[in-house]
Amino acid sequence: MSDDLAIYHATVLSNAEIAPEHRVMRMSAPEIAARALPGQFVMVRALGTADPLLPRAYSVYAADPTAGWIEVLYRVVGNGTRRLELYEASQKVHVWGPLGNAFQAPQGRAILVGGGVGIPPLSFWAQHLAGSDAEVVTLIGAATERFLVGLDRFRESGSRLETATDDGSAGHKGYVTDLLDRWLDAGPATVYACGPMPMLRSVARIVEARGVPAELALEAPMACGVGACLGCTVPRREGGYARVCTDGPVFAATAIAW
């Protein structure tokens, strides 16, 4: 394991519901908070249970190096997240990180494209870019309005925000990638995206056709987060496979064989 890796039985500071099925857990983890960068992730596992046995990977949603806490956003969908949902302040979880690589500075405008629960690394990135000269545009999509979570963080960062929903209950009716072309027409930009693989594939095709640089934060099942289990591999365009945990999770859009 990396010498930079911090392993904790971290104290839960809060575990609040922010939307139906969606929660944000804040944990005390000073060493992780001091080093976490937008795009990186942590591994989290509930203590005192063997169900589920394996941890889960979560992108860092926010970090405060001064106060020493980190946050993850998760959707309650299975045994692991149902277990996390039960945690209250002062209880402890097993967490290690920060893991993986991070986003790089934009060339021109930064366009952030998020779908589903792919918003955490983008939210962290938007907060980070708030202190720079980069103009930030955020495009967020979800199945329906009630699953458009964390929009307040993007607004607080000063980002220009547009939304899309499959059912038209908020913003554009259709895919979030439908919104991308107009912003690419507006001038030089770097695209950053995280979300379901079909969405990332669409983003990759759009930016490649235009010759626009893009960094995509991939999500994949992981058992370790440090490259040992090989459960998170994706095919490289140049041949062979990349491990999302150690070679990513942030990849150039042109690096993956879509």
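Descriptive notes on the structure:
- Within the stretch 70-86, the set of residues being of a type outside the set (A, V, I, L, M), open to solvent by 30 Å² or more (accessible area, probe 1.4 Å) and over 17 Å from the mean Cα position of the chain (by Cα) comprises 79, 82, 83, 85.
- Whichever residue in the stretch 14-44 is of a type in the set (Gly, Ala, Ser) and part of a helix (DSSP H, G or I) and, among such residues, is least open to solvent (accessible area, probe 1.4 Å): 33
- Extreme residue, nearest to residue 211 (Cα to Cα), among residues of the stretch 133-179 that are hydrophobic (A, V, I, L, M, F, W, C) and over 19 Å from the mean Cα position of the chain (by Cα): 179
- Test: residue in the stretch 97-119 that is in contact (Cβ under 8 Å) with a residue 24 or more places away in the chain, more than 20 Å from the chain's Cα centre (by Cα) and open to solvent by 20 Å² or more (accessible area, probe 1.4 Å): yes
- Residue pairs whose Cβ atoms lie under 6 Å apart, sitting 6 or more positions apart in sequence or on different chains, and linking a residue in the stretch 192-209 that is more than 23 Å from residue 61 (Cβ to Cβ) to a partner that is in a helix (DSSP H, G or I) and open to solvent by 10 Å² or more (accessible area, probe 1.4 Å), are 202/177.
- Subset of the stretch 56-69 [surrounded by fewer than 20 Cβ atoms within 10 Å (Cβ to Cβ), of a type outside the set (Val, Ile, Thr) and in a loop (DSSP other than H, G, I, E, B)]: 65, 67, 68
- Residue ID - farthest from residue 139 (Cα to Cα), chosen from residues in the stretch 195-213 that are open to solvent by less than 10 Å² (accessible area, probe 1.4 Å) and in contact with a Phe, Trp or Tyr (Cβ under 9 Å, 6 or more places away or on another chain): 204
- Exactly one residue out of 141, 150, 158, 168 is open to solvent by 50 Å² or more (accessible area, probe 1.4 Å) and small (Gly, Ala, Ser): that is 158.
The values are calculated or read from the model by the stated rules, or taken from the named source; none is laboratory data. The shown structure was predicted, so the numbers you read here are calculated from the model rather than taken from an experiment. Positions of Cβ are generated from backbone atoms using ideal geometry, with glycine treated the same way; all protein chains shown enter the neighbour counts. For the accessible areas, the whole protein counts, side chains as well, though only heavy atoms, and no ligand, DNA or RNA atoms are used. Shrake-Rupley method; radii C 1.70, N 1.55, O 1.52, S 1.80 Å.
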